[in-house]
Amino acid sequence: MPPPRESHVITTTGDAGVSAPYGVTNSSSSSSPPHHRSNNSSSDSTLDVPIADGEKTSPTDSASSSDTEPEVEPVRVASRRTIPDANHYGPTTEKDPELELERSPSAATTIDFPEGGVTGWLVVFGSFCAMLSLYGLINSAAVFESYFSTHQLKDNSPSEIGWIFSLYLFIVFFVGVQVGPIFDRYGARLIVAVGCLLITLSLLLLSWCTEYYQIILTYSVMGGLGGALLNCPAYGSIAHFFNVRRGFATGIASTAGGIGGVIFPIVLRELLPTIGFNWSSRVLALIMLGLAIPANLFIKTRLPPAKGEKVQSVWPDFSVFKDARFACAALGVFFMEWGLFVPLTYIVSYAVDHGQDATESYLLLSYLNAGSVLGRVLPGILADKIGRFNVIIITIAICLITGLALWLPAGHSNSMLIAYAVLFGFGSGSNIGLVPVCLGQLCDHRKFGRLFSTAMMVASFGTLSSVPIGGALLSGSGWTAVILFSSISYAVALAFYTATRVFAVGWNPLTVF
């Protein structure tokens with residue numbers, strides 16, 4: 001009796017060793033395709049596999065019989081060839097239709113990634129500079145909040161001042177819905193240039209602002225639009241050059257937010273008492289202008305859009321929420337942002353209300369962001385080894401525990417407040433750095449821009465409401481209510497991220513995901 005036939009996956013490469021843009025679906029983070037075998041009960045068992053147009057392929061012998069392997073359905077690809085088993089010597093039939101790639105939101109593409117190299121790491125450096133401009137300011141918001149509340153806006157309520165920062169964050173993430181599809185189709189060059197220009201101008205104009213509406217227009221609206229244009233390209237460009245090491249590379253770039261959060265408060269601590277707010281803002285604008293140079297030079301894309309694909313709709317892709325994993329992850333981001341920006345915005349004011357000097361309390365924000373730097377690198381390295389969702393669940397739990405165990409009872413204890421700042425900074429830093437790589441694990445690489453922006457659109461409503469809610473709670477119920485609001489938000493975020501993991505891989509805590 002002749003041996004049973006087997007089907008084989010063929011891996012093909014295009015120019016410069018990069019796999020053809022249409023590849024075998026693979027839900028893991030590896031760039032190598034699994035060797036699936038179909039049920040060979042039929043004498044003509046075949047498997048559709050992707051190839052680059054015009055290339056020749058040859059089947060590879062398999063060492064194991066298919067009766068010991070589970071049945072795997074063929075995947076649909078844009079350009080395909082039916083490959084018979086290795087024992088079949090008849091002619092092969094080819095067809096190369098112009099088909100659009102069909103994928104679910106959780107599918108990934110088998111594409112070769114450089115995983116480094118000079119160009120790849122220069123992209124990471126450019127992203128670092130862009131994130132330093134954006135997240136360095138976001139992580140320094142407590143300094144601006146404390147200064148505004150005692151100077152230009154001393155007659156405004158905490159909730160009204162909170163709208164300045166929440167509106168800024170809302171625009172950063174919500175406008176990203178429009179930026180994502182444009183980045184997917186046209187790349188990063190023009191988007192990054194305009195974003196850097198707007199952030200620089202916003203700080204320059206802020207130096208002349210004395211009224212509430214002026215600060216809203218410059219800091220919140222103009223600065224938020226600039227941040228929105230930088231956010232998606234800064235993360236998305238890394239996804240074009242890294243796959244297996246994406247968590248590590250993104251972690252390196254996202255340390256910029258923590259580094260900026262350390263440097264900017266120290267700079268403002270030295271400048272505000274000496275040269276005043278006006279010139280301090282202009283110095284920050286000059287720093288942003290310097291960071292714009294490497295950001296514009298090095299941020300770029302590599303993977304082309306799908307064949308014949310036009311610019312996607314700029315509106316959110318609500319169809320992705322049919323995937324329970326993506327829906328839970330997006331809601332997890334929402335509640336995580338709800339809990340995150342309350343301490344980032346109010347921790348300096350908390351210290352001042354509990355007896356610390358206003359200028360010296362700026363250092364507390366530097367401690368928080370110093371912990372954030374480590375939190376963006378070390379968990380990123382660990383995430384590539386034990387799973388990105390596994391790590392973000394652990395770090396969200398750290399934020400929850402430190403809020404209840406350290407910040408809530410801290411009071412006038414400076415040492416306990418410093419311990420909270422460092423540990424919360426570590427946990428929250430990894431939250432920010434791992435969000436894009438976790439979401440990227442649930443979608444096709446070339447659709448990352450739109451799907452990431454869709455999730456950020458959901459999160460933007462969290463950032464829009466969190467700081468004003470915190471301000472209202474502060475005015476009405478005091479600091480205990482503010483701290484509990486942040487901690488409960490983290491508890492809900494933890495539940496949603498855990499649900500995402502369970503939907504994807506089940507309850508086994510040892511599964512890498």
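The values are calculated or read from the model by the stated rules, or taken from the named source; none is laboratory data. Everything quoted here is computed from the prediction, not taken from an experiment. Because the Cβ atoms are built from the backbone with ideal geometry, glycine has one as well, and the counts that use them run over all protein chains shown. Remember, those area values only see protein heavy atoms, side chains included, never the ligands or the DNA or RNA. Shrake-Rupley method; radii C 1.70, N 1.55, O 1.52, S 1.80 Å.
Annotations
- With K and R counted +1 and D and E -1, the other residues having a Cβ less than 14 Å from that of Gly251 yield a net charge of +4.
- Split the accessible area of the range 361-429 by element, probe 1.4 Å, and carbon with sulfur accounts for 79%.
- Net charge dipole size for the range 111-201 [Lys, Arg +1 and Asp, Glu -1 on Cβ; Debye, nearest 20]: 180 debye
- For the range 398-496, the calculated P(r), taken from all Cα-Cα distances in 5 Å bins from zero up to the bin holding the longest distance, is 2, 12, 17, 20, 19, 13, 8, 5, 3, 1, 0 percent.
- Mean accessible surface per residue for the range 424-498, computed with a 1.4 Å probe while every protein chain stays in place, in Å²: 22 Å²
- Ranked by how many other beta carbons lie within 10 Å on average, peptides 463-474, 394-405 from highest: 463-474, 394-405
- Cα gyration tensor shape for the range 443-513, rounded if a/c is under 1.5, else prolate or oblate: oblate
- The heavy atoms of Phe503 offer some 130 square angstrom of accessible surface to a 1.4 angstrom probe.
- When both the range 441-510 and the range 270-298 are represented by their alpha-carbon centers, they are found 31 Å apart.
- Counted charge near Phe389, where neighbours are those whose Cβ lies closer than 15 Å (Asp, Glu -1; Lys, Arg +1): +3
- Net length gained if the chain between Glu360 and Ala193 were fully extended (0.36 nm per residue, minus Cα distance): 56.5 nm
- Karplus-based coupling profile of the range 188-197, in residue order and whole Hz: 9, 4, 5, 4, 5, 4, 5, x, 4, 5, with θ = phi - 60° in 6.51 cos²θ - 1.76 cosθ + 1.60 and x standing for Gly or Pro.
- Label positions at Trp279 and Phe318, each projected 7 Å from the Cα along the C-beta direction, are separated by 5.4 nm.
- Net charge over other residues, Cβ less than 15 angstrom from the Cβ of Thr210 (K, R count +1; D, E count -1): -1
- The range 211-270: C-alpha gyration tensor shape, a/c 1.5 cut-off, then a/b vs b/c: oblate
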